[in-house]
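Chemist: Submitted below is the structure of interest, expressed as structure tokens.
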Amino acid sequence: MVVAVDGTSGSGKSSTCRGVAQRLGLAYLDTGAQYRAMTWWMLEHGVDVHDADAVAARAGEPDLVSGTDPAGPTITVDGTDVSAPIRGEAVNGAVSPVATVPAVRARLVDLQRETIAAALGGRGIVVEGRDIGSTVAPDAPVKVYLTADPSARARRRALEEGGSDAAAVEASLRNRDQIDSGRATSPLTITDGAVQVDSTDLTLDEVIGLVSGLVVSAA
Ligand code: C5P
């Protein structure tokens, strides 16, 4: 079973996917964390993230490893745990430009397909991102497009970040949505066969229940 969950920034994808994976005994892959880890590495190495050629030239260098336990997903780059720094402001502001670079996407899509293939030896995997249903796993039997009202998304993200300014968070989310939807290589779109779920007025438990129900019916 492969469950492809795409959607806008802050729509609750991570909490939903981890909840569904835990409930159904599936593995979990956060592809956004991989784009963030690639971005963190570029910043650490002084690469200009707005210079697509410079980013492409070094996209093959970092060694990224994602743990797929939904109870405690991990991500390391060259052996360093980067779970915390990839959520900081520097990476928030730089990740969408890095994610537009085709060489970055090609490398990470390969890595994601390897992880999915490995998980299919077990019970399966829930994969979250922007291009999972369209590009990474177009044959996934369950595809979900998750979104929510921008102000609801910003409120939730600001709370998660320990009381950041919701207006600033909303501006940053909208900026990422715009770049993610407008880029040439695998933009964020609602792919054929995806079930759209708007979480604005739903609790997390309700969304987890709804998506789990889709998986159980497809199994
Ligand atoms: O999901 P998250 O907000 O952590 O993703 C961070 C960024 O990584 C997104 O805004 C997008 O630019 C990029 N991304 C992507 N394709 C994916 C997952 C994330 O382009 N499959």
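Chemist: Lys/Arg Cβ at +1, Asp/Glu Cβ at -1, dipole of segment 33-184 taken about the Cα centre: which of 79, 167, 152 is farthest positive-ward?
Modeler: Of the listed residues, the answer is 152.
Chemist: Still on this structure, I have one more. If you roll a 1.4 Å probe over the chain with all protein chains in place, what percent of the accessible area is carbon or sulfur? Please list the in-between numbers first.
Modeler: On the way: 4920 of 9560 Å².
Ligands and nucleic acids excluded, carbon and sulfur give 51 percent.
Chemist: Report ³J(HN,Hα) in whole Hz for each residue of segment 84-97, in order, from the Karplus equation J = 6.51 cos²θ - 1.76 cosθ + 1.60 where θ = phi - 60°; Gly and Pro get x.
Modeler: 7, x, 6, 9, x, 4, 4, 6, 3, x, 10, 5, 5, x
Chemist: Just to check I understand the Karplus step: with θ = phi - 60° and J = 6.51 cos²θ - 1.76 cosθ + 1.60, what whole-Hz values come out for segment 179-195, glycine and proline as x?
Modeler: Karplus values, whole Hz, x for Gly and Pro: 5, 5, 7, x, 6, 6, 8, 5, x, 5, 9, 8, 7, 4, x, 7, 8.
Chemist: Per-residue HN-Hα couplings for segment 117-132, Karplus 6.51 cos²θ - 1.76 cosθ + 1.60 at θ = phi - 60°, whole Hz, x for Gly and Pro?
Modeler: Working through the residues one at a time gives 4, 5, 5, 6, x, x, 8, x, 8, 9, 10, 10, x, 10, 10, 6 Hz.
Chemist: Relative contact order for segment 17-107: what percent, with Cα pairs under 8 Å and sequence separation of 6 or more?
Modeler: Working: 116 pairs, mean separation 30.5, N = 91.
For segment 17-107, the relative contact order is 34 percent.
Chemist: Okay, next question. At residue 117 and residue 164, where each label point lies 7 Å from the Cα along Cα→Cβ, what is the point-to-point distance in nanometres?
Modeler: My value for the distance between the label points is 3.6 nm.
Chemist: Quick one: of the DSSP bridges fully inside the chain, what percent are antiparallel, nearest 5?
Modeler: 20
Chemist: With a/c under 1.5 counting as rounded, go ahead and sort segment 56-211 into rounded, prolate or oblate using the C-alpha gyration tensor (a ≥ b ≥ c being the square roots of the eigenvalues; past the cut-off, prolate if a/b is larger than b/c, else oblate).
Modeler: On the way: a/c = 1.36, a/b = 1.11, b/c = 1.22.
Rounded, because the longest to shortest axis ratio a/c is under 1.5.
Chemist: Another question, if that's okay. Quick check for you: with a 1.4 Å probe and neighbouring chains kept, what is the accessible area per residue of segment 1-56, in Å²? Don't skip to the end; give the middle numbers.
Modeler: Details: 1760 Å² over 56 residues.
That works out to 32 Å² per residue.
Chemist: A further question follows. Any chance you could run the full-extension gain for residue 204 through residue 87? It's 0.36 nm times the residue separation minus the Cα-Cα distance, nm to one decimal. Display every interim value, and only then the final one.
Modeler: On the way: separation 117, 0.36 × 117 = 42.12 nm, distance 2.10 nm.
Result: 40.0 nm gained on full extension.
Chemist: Something else about it: Hey, what did the chain get for relative contact order, percent, Cα under 8 Å, at least 6 apart?
Modeler: Details: 358 pairs, mean separation 73.0, N = 219.
The normalised contact order for the chain reaches 33 percent.
Chemist: Moving to a separate point now. I'd like the distance between the alpha-carbon centres of segment 118-145 and segment 185-206, rounded to an integer number of Å.
Modeler: So the two Cα centres are separated by 14 Å.
The values are calculated or read from the model by the stated rules, or taken from the named source; none is laboratory data. This is a predicted model, so every value here is computed, not measured. Quick reminder, even Gly has a Cβ in these numbers, built from the backbone with ideal geometry, and neighbours come from all protein chains shown. Calculation scope for accessible area: heavy atoms of the full protein, side chains included, ligands and nucleic acids excluded. Shrake-Rupley method; radii C 1.70, N 1.55, O 1.52, S 1.80 Å.
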